Every structure is written in C-alpha cells, then in structure tokens.
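Enquirer: This structure is in structure tokens; I'll ask about it shortly.
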Amino acid sequence: MAFSSVVTPAAEHMLRDVVHTPFWLDTPQRPEASDPLLSPVTADLVIVGAGFSGLWTAYLARQRHPDLDIVVVDGGRIASAATGRNGGFVAASLTHGVGNGMSRWPDQMPQLHQLGMANLNAIVATIRSEAIECDLQLSGEIDVAVEPHQVEELHEMVAMAESIGADVRLLSAEQLRARIDSPTYLAGAYDEHGVAMVDPARLAWGLADVLRASGVRIIENSPVRSMNRVGSDILLGTDHARLRARRVALGTSAFPPLLKRLRNYVVPVYDSVLVTEPLTTEQRASIGWAQREGVSDAGNQFHYYRMTEDGRILWGGYDASYYGDMGPHRENNPAAFGRLATHFRQTFPQLDGIAFTHAWAGAIDTCSRFSGFWGTAMDGRVAYSMGFTGLGVGASRFGAEVMLDVLWGEQTERTQLQMVNTKPIPFPPRPLRDVGIALTRRSINAADENSGRRNLWLRTLDRIGLGFDS
Ligand SMILES: Cc1cc2nc3c(=O)[nH]c(=O)nc-3n(C[C@H](O)[C@H](O)[C@H](O)COP(=O)(O)OP(=O)(O)OC[C@H]3O[C@@H](n4cnc5c(N)ncnc54)[C@H](O)[C@@H]3O)c2cc1C
C-alpha cells in the first residue's frame, strides 16, 4: 500500500483542535525554569546542552569523578529541544540501525551491538536505581512492511541482525495483526530486547533532579554565544555573565555549533509528530496493542508510532524537512501534519473519527553517516558528541561516555572503535548543500513510490557513503 500524498479533508478535520506544543512537555509535571546566568561561574566541567547528551554527560561524570564541580548550561530549558520532542524509542543501536552499521563498520558490528545492548541495559538500570518515573516499557519495537518489496527487506534485515548476534524475529501478517491490527501490515520484524520505550521528557527531568541532588548546577535560558581559551581554562560567554571551566563538553545537537570546524558536519532536519486524544475502550479493542510496542514502517520515509501511558497514539516521521535554518518558526508545518494525519487514517481506518490533540516538529542533528561522531578541540579541553540523526535517545548516553573518555584522555574499548575514530563526510557548504539535499529528498520520495528502487543519484551517494535521513 502506498501512502497517499493528497491530504484529505477528513484528515484536516482531525487536526482542527491541535495545540502546537510537544505532548511530553504539555504537563503540570514540567519543572519551572531556573534563572538565567547573571553572575560569573567557575567549574571543573561545564556541559553545554541540557538534552540527553548533556544530562548523561553530567550523570556519568558525577559517577566517574565524584568530587568534580559540574555545571550544565542550556540556551533554552531542560529537554526543550529534541529530547522533549521525540518518539521515546530508546534503541540499543548505536549505528542508526543494523543496515547502516553493516554498510560502514561490518567487522566491528558484533562489538557495536554488544556495546549498544550494554548501553541500553545501563539506561534501564539507572531509571530503576534512581526511581525515575518515566513510563519505562520493555516492549521492544516492530518494524512493519506495508509494501511487498519491504517484506523482502525485512528478511534481509533479520538475517543481518542474526549475523551480529542480535535477536530479531520475523512476524507473519497474521502474527503481527494479532498484536496490532492494521490492514496495511504484510509482515513484521520484532526486536523485543533491543528497544525500550519511555516518556522522554520525564526521563530528562528525572535525570535533572538526580543531578541537582548530587550538587550539579543546571542553568537554563542562557545561550552560550562564544567559547575561547584563556590560559589553561575555557571561557564561555553568555548574554549577562561568563562561565570559566577546566573542561567543556558540547551536547548542542542540531544547533549552530560553537566550534566553527563543525559547521558542515551537522544539518538541522525537522521531523513532525502528532498525538491523538486517548483511545476509548472500544477503539483500543479494535486495534489491540496490549504490549505497547514501538512501531516503525519500513519505507525510506518512515512513520514511527507508539502508545502513551494514557492510551494515546503518538504518530510521527515521514517528511524530513530541511530549511537551512532553525527556530520556533520551523516547528509548525501544516503540510507535514496533514500528510501524517492522512497516513494515520490509511493505517488505522477503524479509528475513524479520532482527533489529534498535539502537533509539533523538532530539529534532528543529521550527519551524512546517520550516527554519532566525536572529537576534541582546544588541546583536548573541549569535547563534542553529536550527529545521532534521529536515533539518539539511547545512543547519546554512549556518546556521553565517549566525551568523558576523550576529555580525561582515557583509552577505552570505545575509543578504539572505528566509529569513534572517524568522522562523517561533511556536507558541502550552502547553497550547494541546499541543492544537493533537495535533489536527495526528491529521489528518496521517488524511490518510495517506485518499490524502493534507488535512482543513479542515490546509488552514487550510497557508493561514497553520503546520505540524508532523519
Ligand atoms: C521529532 C523527533 C523525534 C525523535 N525520535 C527519536 C526516537 O524515538 N528515538 C531516538 O533515539 N531518537 C529520537 N530523536 C532524536 C533524539 O531526540 C535526540 O538524539 C536525543 O534526545 C539526544 O539529544 P541531544 O541532547 O543530543 O540534543 P537536544 O535534545 O536537541 O539538546 C541540545 C541542547 O543544547 C542546547 N544548546 C544548543 N546550543 C546551545 C548554546 N550555544 N548554548 C546553550 N545551549 C545550547 C539546546 O537548547 C538544547 O536544549 C528524535 C528527535 C526529534 C526531533
């Protein structure tokens, strides 16, 4: 079944009452913002970014070096960017899926799989030991085929997963529809142990509470405008006051990087997300989904969806929008919302009449190899971790470990990895970048409408290892 590109009036009607706030942030549980930085601060470690990258860095730094004076500073609020806007899929994969990993680091994939599983297990263990209430569900993720050629691709993906020691199993259409009922489903691949589901904002706020209780200072609404070396320290300038640090960790994701050299490595790509009103008992019975697994369909442009704790469906993805800039004016994309609503109706026709309550978009730190990359600057006093390309809820914790390894000059299993020791191919500068991305997006769309067949442009990019995804 091809997803329709024509937005129907019925789909538009479903969007009539949406608020343009991320569902996860639209709760009285959201903590009050802390005051901006008004007077100078010094610290052993300053972390820029209070998303998962920054929060995990602070958490792990506190564990590794209990006496360290740690400050986290954010230009917005805790989890106000990707961390509070995502699907809440916590994947073990560090490589944006097994196929992408196999195409880049085939020899190290069994090791990367084990490290990714250990990372996921550590996240689950922390949530439990710190008693963070974030609706943790160990329900796994099912990739679903909705077109015949995708069935074959799922078989190949499962074989690849088996070859690196991952436990992913095929589901027939009947087995799949007995779990979650959509007439579009042709087959599934169930990764039961490699993905957990969370409420991402509550996880981030829970981590922030733990950090504050351990003496970490978190400063919000204080964008860092400059970063300079002064003697053996780093000075970070904000609008009203400066931070002085021995070491700096950058977890700034899709935002303009503080290091000029990173300008061409990451581009902001917007993903849109909808959330429905809570399903009634009858609606829930018509669909099943008792285990609340995460679901993703298998197109190049894919939807991801899941059920929330209060029985709503979060439905996101498909359009990956690149504008060349970022900001609140990019967070409301009526055309993308309309397409998503249309595709939702195609997937779950039995939920006809349901309304969406929330619609938003968030920026993804897309790099050309779709997986995190790392490095240092200023004589090893500054480290960065970014490029997770829409799969960083779990992998950002691994990225935080790497940042701490390199900041303290430690040789670890992680720092020996090819993935950690190489960088993606940079995107060309604008305006060439904009033209290339537009052509790539059009080609991906054509491939999805043409049974997955990739044109010459995409095959050429594949050969040189350059890609565009969310
Ligand atoms: C719509 C959407 C859906 C997604 N779904 C999933 C999913 O289901 N599973 C998954 O694994 N991943 C998903 N992702 C990606 C995932 O959310 C991120 O990879 C993850 O949260 C890690 O985020 P981060 O901390 O690196 O970045 P962010 O959460 O974006 O945090 C970066 C922070 O840095 C701050 N900052 C930037 N520059 C400065 C500066 N100069 N000064 C001060 N502060 C600064 C920003 O204010 C921001 O708070 C999704 C992303 C989006 C947008």
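Enquirer: Working carefully through the options Tyr265, Tyr305, find the one that is among the aromatic types (Phe, Trp, Tyr) and within 30 Å of Leu432 (Cα to Cα).
Expert: Just a single option satisfies the conditions, and that option is Tyr265.
Enquirer: Looking at segment 336-389, which of its residues are outside any strand (DSSP E or B), among the hydroxyl-bearing types (Ser, Thr, Tyr) and in contact with a strand residue (DSSP E or B) (Cβ under 8 Å, 6 or more places away or on another chain)?
Expert: Thr347, Thr389
This table checks each residue for (1) touching a residue at least 24 places away in the same chain (Cβ under 8 Å); (2) under 27 Å from the mean Cα position of the chain (by Cα); (3) surrounded by 14 or more Cβ atoms within 10 Å (Cβ to Cβ).
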residue: Val210; (1), (2), (3): yes, yes, yes
residue: Gly215; (1), (2), (3): yes, no, no
residue: Ile218; (1), (2), (3): yes, yes, yes
residue: Asn221; (1), (2), (3): yes, yes, yes
residue: Val224; (1), (2), (3): yes, yes, yes
residue: Asn228; (1), (2), (3): no, no, no
residue: Asp239; (1), (2), (3): yes, no, no
residue: Arg242; (1), (2), (3): yes, no, yes
residue: Arg247; (1), (2), (3): yes, yes, yes
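Enquirer: May I ask you to list the residues in segment 175-209 that are assigned by TED's automatic domain parsing to the domain that holds Glu147 and basic (Lys, Arg)?
Expert: Within segment 175-209, Arg177, Arg179 qualify.
Enquirer: Scan segment 263-296 for residues that are among the aliphatic types (A, V, I, L, M) and under 19 Å from the mean Cα position of the chain (by Cα) and jot them down.
Expert: Across segment 263-296, the qualifying residues are Val266, Val267, Val269, Val273, Leu274, Val275, Val295.
Enquirer: Related question: Could you look through segment 259-274, keep only residues that are charged (D, E, K, R) and in contact with a strand residue (DSSP E or B) (Cβ under 8 Å, 6 or more places away or on another chain), and pick out the one that is farthest from Gly311 (Cα to Cα)? Before the answer, list the steps.
Expert: Taking segment 259-274 as the starting set, the residues that turn out to be charged (D, E, K, R) are 260-261, 263, 271.
Among the residues that remain, those that are also in contact with a strand residue (DSSP E or B) (Cβ under 8 Å, 6 or more places away or on another chain) are: 261, 271.
Values: Arg261: 45, Asp271: 22 Å.
The selected residue is Arg261.
Enquirer: Something else now. Quick check on segment 1-33: of everything there that is assigned to a loop (DSSP other than H, G, I, E, B) and of a type in the set (Asp, Glu), which residue is nearest to the chain's Cα centre (by Cα)?
Expert: Among residues in segment 1-33 that are assigned to a loop (DSSP other than H, G, I, E, B) and of a type in the set (Asp, Glu), the one nearest to the chain's Cα centre (by Cα) is Asp26.
Enquirer: Could you check segment 210-298 for strands (runs of 3 or more DSSP E) lying wholly inside it with 2 or more residues that are within 13 Å of the ligand (Cβ to nearest atom) and not assigned by TED's automatic domain parsing to the domain that holds Leu60?
Expert: The strands (runs of 3 or more DSSP E) meeting that bar are 267-276, 294-297.
Enquirer: I've got another one for you. Restricting attention to segment 90-114, which residues are part of a strand (DSSP E or B) and either surrounded by fewer than 24 Cβ atoms within 10 Å (Cβ to Cβ) or among the polar types (S, T, N, Q) (or both)?
Expert: Result: Ala91, single match.
Enquirer: Search segment 379-397 for residues that are touching a residue at least 60 places away in the same chain (Cβ under 8 Å) and outside the structural domain of Ile127 (by TED's automatic domain parsing) and pair each with any residue that is more than 6 Å from the ligand (Cβ to nearest atom) and assigned to a loop (DSSP other than H, G, I, E, B) when their beta-carbon atoms are under 6 Å apart and the residues are at least 6 apart or on different chains.
Expert: Cβ pairs passing all conditions: none.
Enquirer: Tell me which residues, restricted to segment 15-57, are away from the ligand (no atom under 15 Å from the Cβ), within 23 Å of Leu250 (Cβ to Cβ) and of a type in the set (Val, Ile, Thr).
Expert: Thr42
Enquirer: Is it fair to say Asp74 is within 30 Å of Met227 (Cα to Cα) and either at pLDDT below 95 or of a type in the set (Asp, Glu) (or both)?
Expert: Yes; evaluated as a whole, the condition is true for this residue.
Enquirer: Looking at the structure I just gave you, is Ser39 touching a His at 6+ places or on another chain (Cβ under 9 Å), outside any strand (DSSP E or B) and either not basic (Lys, Arg) or not assigned by TED's automatic domain parsing to the domain that holds Leu259 (or both)?
Expert: Criteria met by Ser39.
Enquirer: Then there is this: State the number of residues belonging to segment 63-89 that are within 12 Å of the chain's Cα centre (by Cα) and in a strand (DSSP E or B).
Expert: Final tally of qualifying residues: 1.
Enquirer: May I ask you to list the residues in segment 169-208 that are assigned to a strand (DSSP E or B), of a type outside the set (D, E, K, R) and surrounded by 15 or more Cβ atoms within 10 Å (Cβ to Cβ)? Can you show your working first?
Expert: Quick first cut of segment 169-208, residues assigned to a strand (DSSP E or B) only: 169-172, 180, 187-191, 195-197.
Remaining after also requiring of a type outside the set (D, E, K, R): 170-172, 180, 187-190, 195-197.
Matches in segment 169-208: Leu170, Leu171, Ile180, Ala187, Gly188, Ala189, Tyr190, Val195, Ala196, Met197.
Enquirer: Just to check your reading of the model, which residue among Pro66, Pro28, Pro9 is without any contact (Cβ under 8 Å) to a residue 40 or more places away in the chain, surrounded by fewer than 18 Cβ atoms within 10 Å (Cβ to Cβ) and within 30 Å of Glu449 (Cβ to Cβ)?
Expert: Pro9
Enquirer: Which pairs turn up if I take residues in segment 350-368 that are under 23 Å from Phe52 (Cβ atoms) and within 16 Å of the ligand (Cβ to nearest atom) and look for partners that are assigned to a strand (DSSP E or B) and of a type in the set (Gly, Ala, Ser) with beta carbon separation below 7 Å, at least 6 apart in sequence or on another chain?
Expert: Ala361/Ser272
Enquirer: Condition check: buried (at least 21 other Cβ atoms within 10 Å of the Cβ) and either in a loop (DSSP other than H, G, I, E, B) or within 15 Å of the ligand (Cβ to nearest atom) (or both). Does Leu60 satisfy that?
Expert: Taking the combined requirement at face value, the residue does not satisfy it.
Enquirer: Let me ask something else about it. For segment 18-66, which positions are in contact with a helix residue (DSSP H, G or I) (Cβ under 8 Å, 6 or more places away or on another chain) and among the aromatic types (Phe, Trp, Tyr)?
Expert: Listed by number, the residues that qualify are Trp24, Phe52, Trp56, Tyr59.
Enquirer: Regarding segment 384-404, can at least one residue be identified that is more than 20 Å from the chain's Cα centre (by Cα) and surrounded by fewer than 23 Cβ atoms within 10 Å (Cβ to Cβ)?
Expert: No: zero hits.
Enquirer: In segment 312-335, what residues are out of contact with any strand residue (DSSP E or B) (no Cβ under 9 Å at 6 or more places or on another chain) and more than 13 Å from the ligand (Cβ to nearest atom)?
Expert: Scanning segment 312-335 gives a single hit, His329.
The values are calculated or read from the model by the stated rules, or taken from the named source; none is laboratory data. Computed from a predicted model, the values in this text were never measured in an experiment. Cβ sites come from the backbone with ideal geometry, for glycine too, and all protein chains shown count toward neighbours.
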